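Scroll down for the structure; my scribbles are underneath it.
Rule-based calculations on the coordinates, nothing more; no lab input. What you see is a predicted model, and the numbers here were worked out from it, not measured in a lab. Cβ atoms come from the backbone with ideal geometry, glycine included; neighbour counts cover every protein chain shown.
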Amino acid sequence: MVAADVIFMPRLEPLVMLGENWLVGEIVLVLCALLPALILARLTETDRQPVLRTCFHALGWGGYMLLVLPACVLAWEGRDYVDSLRNASEARWVMALAIGLPSLLIGWAAAHEFALVGRGTPIPYDPPKRVVTSGPYASIANPMQLTSALVMAALAILTGSNAAWSLPMTFLIFDGVFASWYNRAHIALAMPDDWTRYREAVRDWRFRYRPYIARTATLHFPDSGRDSRALAWLMRRAADGLEIDVAPARPTTRRQRITYVSSDPDLDAVGIAAFGRALEHLGGIPAFVGWILRLPGANQLAEFVTFLVPLRRLNTRLALWSRP
């Protein structure tokens with residue numbers, strides 16, 4: 001297909017007018033569109049790497065939602081998307097970011113939970129293999145639909161376009177009908193018991209103040225001093241469905257890390273991810289922080305920061321010891 005494209009594109013004039021550097025564009029599209037699509041197709045066919053498959057889908061839907069749809073609506077109004085962003089006031093930027101950025105993070109956390117726990121993606125032809133009740137789904141049944149609508153609303157605020165408000169409204173109507181039908185037609189029939197218990201506790205469009213905890217878990221961490229004991233005391237009294245095991249710190253040169261052990265092995269985690277899982281038992285803003293701490297990239301960054309803190313303390317002590 002690439003060879004056919006290269007051969008016949010120059011022969012389509014005047015239907016297609018090519019620029020001097022059209023071959024550069026051809027190479028970019030093959031590398032950035034065709035090759036990722038082929039990789040995604042193979043991974044989906046063999047049911048491998050659900051997190052990577054979800055990343056592909058998130059990039060596709062994110063580009064469609066943040067670029068294609070608003071650009072088309074603004075073009076219909078006779079406006080340019082880039083100029084609209086450039087001319088937006090500071091107040092519009094602040095309001096749009098306050099709504100859109102947390103929404104994007106929650107949506108990405110929900111998609112990541114689909115891949116990590118459900119071993120599937122948000123796309124109907126590649127669905128999760130089980131009912132996902134953890135992460136954002138412990139607080140609301142349709143986090144991705146709600147956050148997508150909020151992001152579109154944030155774009156309408158940012159661009160000051162009346163027509164752009166049709167995007168979140170149309171999306172809410174379509175997705176409310178389609179998602180409800182799809183869940184009843186597929187997930188509810190495939191996993192009726194888990195689905196019934198979950199939907200009796202968690203509803204669409206409404207956040208739960210306290211999370212829905214379908215499985216018990218234990219948080220293990222070494223007793224390294226007053227801070228760890230205070231954390232254990234707080235978690236015991238505030239977290240739902242979470243046991244605390246504070247073990248005496250062992251004299252060792254290796255880092256002793258906290259671990260989260262659940263009755264569902266797919267939820268087990270170590271280090272910062274374990275702390276994030278524990279925060280999810282609190283609900284609200286702590287749960288939101290926990291979702292972000294477990295995201296790819298954010299989790300590795302947090303692990304790196306916590307690794308540097310003991311090194312800094314060690315360097316400070318060595319500097320004090322080396323003074324005359």
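Numbers at a glance
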quantity	calculated
Residue (of Thr259, Val131, Met65) at the positive-pole extreme of the chain, dipole from beta-carbon charges	Thr259
Helix runs (DSSP H) in the chain reaching 30 Å along axis by Cα, Kyte-Doolittle at least 1.0	90-116
Kirkwood hydrodynamic radius (C-alpha pairs) into Stokes-Einstein, the chain, 10 °C and 1.306 mPa s, D in µm²/s	69
Order by protection proxy (mean Cβ within 10 Å, highest first), peptides 38-44, 267-273	267-273, 38-44
Contact order relative to length of the chain, as percent, for alpha carbon pairs under 8 angstrom and 6 or more apart	13
Hull volume in cubic angstrom per residue (convex hull over the Cα atoms of segment 50-201)	108
Sorted by Cβ neighbour density within 10 Å, fewest at the top, the residues Thr259, Thr170, Thr147, Thr46	Thr46, Thr170, Thr259, Thr147
Estimated D of segment 1-46 in µm² per second, where Rh is the Kirkwood radius over Cα pairs and Stokes-Einstein applies at 25 °C, 0.890 mPa s	204
Residue-span extension gain [Ala232 to Arg86] - 0.36 nm each, minus C-alpha spacing	47.7 nm
Ranking of Glu200, Glu113 by count of other Cβ atoms within 10 Å, fewest first	Glu200, Glu113
